[in-house]
1. So, in region 60-88, of the ones that are of a type outside the set (D, E, K, R) and under 12 Å from the mean Cα position of the chain (by Cα), which residue ends up farthest from Lys47 (Cα to Cα)?
2. Exactly one condition in (1) assigned to a helix (DSSP H, G or I); (2) surrounded by 13 or more Cβ atoms within 10 Å (Cβ to Cβ) is not met by Asp53; state its number.
3. Confirm whether Leu88 is surrounded by 11 or more Cβ atoms within 10 Å (Cβ to Cβ) and modelled with pLDDT under 95.
4. Could you tell me whether Asp10 is more than 20 Å from the chain's Cα centre (by Cα), surrounded by 13 or more Cβ atoms within 10 Å (Cβ to Cβ) and not in a loop (DSSP other than H, G, I, E, B)?
5. Regarding region 26-40, can at least one residue be identified that is in a loop (DSSP other than H, G, I, E, B) and either under 30 Å from Asn91 (Cα atoms) or at pLDDT below 95 (or both)?
6. Kindly establish whether Thr61 is surrounded by 14 or more Cβ atoms within 10 Å (Cβ to Cβ), at pLDDT 95 or above and not in a helix (DSSP H, G or I).
Amino acid sequence: MKKVELFDIDAQLDEVFGKVGTPERQEAECRAYAFFTGQIIADARKKAKMTQDELATKLGTNKSYISRIENGRTEPKVSTFYRIVDALGLNVELVPSL
């Protein structure tokens with residue numbers, strides 16, 4: 001029988017990114033949210049069979065900006081996010097968390 005080693009993921013996150021509530025941890029979480037948001041946008045764009053150029057044209061911006069968003073290097077303003085969602089034929093629904 002293979003022995004499984006368990007580890008405390010919270011302790012590892014604390015070690016790598018700092019304790020919850022610290023500026024270092026908050027910065028890491030912001031970067032993670034930016035990356036996650038970019039991936040959601042990239043996946044939606046691909047499902048819509050749209051290129052970065054096509055999306056940029058619909059938004060009146062350039063491909064470079066779309067690429068930076070999709071790669072998590074920049075976060076769109078909320079108003080721009082809604083314009084992206086609309087250009088991709090999607091909608092945003094806010095629901096209470098459990």
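The values are calculated or read from the model by the stated rules, or taken from the named source; none is laboratory data. Fair warning: this is a prediction, and the values are worked out from it, not measured in the lab. Cβ coordinates were reconstructed from backbone atoms using ideal geometry, including for glycine residues, and neighbour counts include every protein chain displayed.
1. Thr74
2. (2)
3. Judged against the criteria, Leu88 is not a match.
4. No: the conditions fail for Asp10.
5. no
6. The answer is yes for Thr61.
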